[in-house]
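What follows draws every value from the coordinates through simple rules; no lab data is involved. Note that the structure is predicted; figures quoted are calculated from it, not measured. Quick reminder, even Gly has a Cβ in these numbers, built from the backbone with ideal geometry, and neighbours come from all protein chains shown.
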Amino acid sequence: MQGKSGVILVLSIIFIASICGCVEKDEGRDTNFNLSINSSPYPVIIAPSQAFFGEKVEFDASTSYDPDGSIESYRWLFADNLTKEGKIISYTFEILDYDSTEFPVKYSVTLEIADNNESIEYSSHEIFLYPKNYTLYLSKDKLSSVKPANSVENIQVSLGLLSTRPVEKIAYELEKPVNLFQGSWNANIYVNKPTFSFIEKITLTLYNQSGEVMAVENVDFQLIQLWNEQQVSINGKLIKKDELKSITLEVYGFSIGDNVEIVYGGNQASLISFDFTLN
């Protein structure tokens, strides 16, 4: 009984002392423990998925964020150890070897961001690159970005009704389809013909991978033809993006005796070129 009274007495003294301010808190000791864990920043890249060689491409990381702090640095990593600093940067891709390059070229750009707690995160973006101007050379049965050796292809002609049937249709095909964009195209076809022959018109048709017509254009000739060699120019437009797979060349007219020739390679290389700068 005496022990219980002693405990009650001690508790009473402590209670009275706390009311009177006799018991002081230890102001120098931090009784709160910081258990928070730093969250990593989130890199976000806004950039086109395709672009042209020779034009500036913008890369934007402004929507990147850090849940519990701030982003302190933005670093962009390109090929050949080239780097750029900044939240928004621009970069111009250059083509090194046009003839031996297969288009499109896939390129990867990496963004590195660091937050105020020195946490670093990465994100990569793939972009497909195309030439602004594209040239394909005609040779026997095929199209290629490489100029062929000099040669000719004969077109068997016969006396027929003008404008009702072609003398012959020649098909030129790519090994792999080529992406083409809205723009213009120009074909230069070198033609040799006998003196006693008449070409009424030449038709050039572009086909996509599905065999659908992308574009078709004609060039008409004058009735009196005193020439034996001529560069024939055919122009057209592409109204939308598509994949070119092949073209055909149709010659209308007649010839007595020798054949008409289409010239390939050398100084008289028949070709078709595409220009997307007006896109």
Next item on the list: Note the direction-averaged projected area, equal to a quarter of the hull surface, for the Cα convex hull of region 133-275, in nm².
Entry: 8.2 nm²
Next item on the list: Give me the orientation-averaged projected area of the Cα convex hull of region 51-109, in nm², one decimal.
Entry: 5.0 nm²
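Just the number, please: Stokes-Einstein D of region 181-240 in µm²/s, Kirkwood Rh from C-alpha pairs, 37 °C, 0.692 mPa s. All intermediate terms of the calculation are to be shown ahead of the outcome.
On the way: Rh = 13.1 Å.
So the translational diffusion coefficient is about 250 µm²/s.
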Margin query: Quick query: amide H of Ser145 versus all other amide H atoms, modeled in the peptide plane; which residues come in under 5 Å with a sequence gap of 5 or more or a different chain?
Written below: Tyr137
Next item on the list: Express the relative contact order of region 133-275 as a whole percentage, based on alpha carbon pairs under 8 Å and six or more residues apart in sequence.
Entry: 43 percent
Next item on the list: Just name one of Leu96, Tyr74, Ser64: the one whose Cα is farthest towards the positive end of the charge dipole of region 50-130 (beta-carbon charges, Lys/Arg +1, Asp/Glu -1).
Entry: Leu96
Note to self: Test of understanding: what is the full-extension gain from Ile37 to Glu102, defined as 0.36 nm times their sequence separation minus their Cα-Cα distance?
What the structure shows: 18.6 nm
Note to self: Could you tell me the relative contact order of region 50-130? Use alpha-carbon pairs under 8 Å, at least six residues apart, and round to a whole percent.
What the structure shows: 38 percent
Notebook entry, point to check: Expressed in nm to one decimal, what extension gain is obtained for the pair Ser144 and Asp68 from 0.36 nm per residue of sequence separation less their Cα-Cα distance?
Noted result: 21.8 nm
Notebook entry, point to check: What FRET efficiency would be calculated for the residue pair Ser49, Leu226, taking the C-beta separation as r and a Förster radius of 45 Å, to the nearest 0.05?
Noted result: 0.25
Next item on the list: Would you mind working out the magnitude of the charge dipole of region 133-275 relative to its Cα centre, with +1 at each Lys and Arg C-beta and -1 at each Asp and Glu C-beta, to the nearest 20 Debye?
Entry: 220 debye
